[in-house]
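Here's the structure we're looking at; comments come further down.
Values quoted throughout were computed directly from the atomic coordinates according to the rules given, and no laboratory measurement underlies them. Model, not experiment: these values are computed from the prediction. Positions of Cβ are generated from backbone atoms using ideal geometry, with glycine treated the same way; all protein chains shown enter the neighbour counts.
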Amino acid sequence: MMHWLYMGGYWPYVWPSYLLTLFAVTLNIYLARRSLSAAKSEARRRAQAQRSEA
């Protein structure tokens, strides 16, 4: 197991790359969900304003 984790001596390059990729994917998912939530709120607000005008 340790041999696999050591990755032939390249672990200082491999594991930070994995962590950076995980961080980027997680951040992307978080920002996409936040953007979707804001868009839904804006759509509800506009629909409510449109109903009150009619």
**Prompt:** By what distance, in whole Å, do the Cα atoms of the chain stretch along each of the three principal axes, largest value first?
**Reply:** 70, 17, 6
**Item:** Among Ala47, Leu27, Met7 the positive-end extreme of the charge dipole of the chain (Cβ point charges)
**Value:** Ala47
**Message:** Counting only helical runs of four or more DSSP H residues, what would the 222 nm mean residue ellipticity of the chain come to if each run contributes -39,500 (n - 2.57) and the total is spread over all its residues?
**Reply:** -31500 deg cm²/dmol
**Asked** the chain: which chymotrypsin sites (Phe, Trp or Tyr not before Pro) are DSSP loop and have at most 16 other beta-carbon atoms within 10 angstrom?
**Response** Tyr10
**Request:** Subtracting the Cα-Cα distance from 0.36 nm times the residue separation, let me have the gained length for Tyr30 to Gln50 in nm, one decimal.
**Result:** 4.2 nm
**Message:** I'd like the Karplus ³J(HN,Hα) series for segment 20-26: coefficients 6.51, -1.76, 1.60, θ = phi - 60°, whole numbers in Hz, and an x wherever there's a Gly or Pro.
**Reply:** 5, 5, 4, 4, 5, 5, 4
**Complete:** For the chain, the dipole about the Cα centre with charges only on Cβ (Lys and Arg +1, Asp and Glu -1), to the nearest 20 debye, works out at 400 debye
**Asked** Spin-label point model (7 Å from Cα, Cβ direction): what's the Glu42 to Met2 distance in nm?
**Response** 5.5 nm
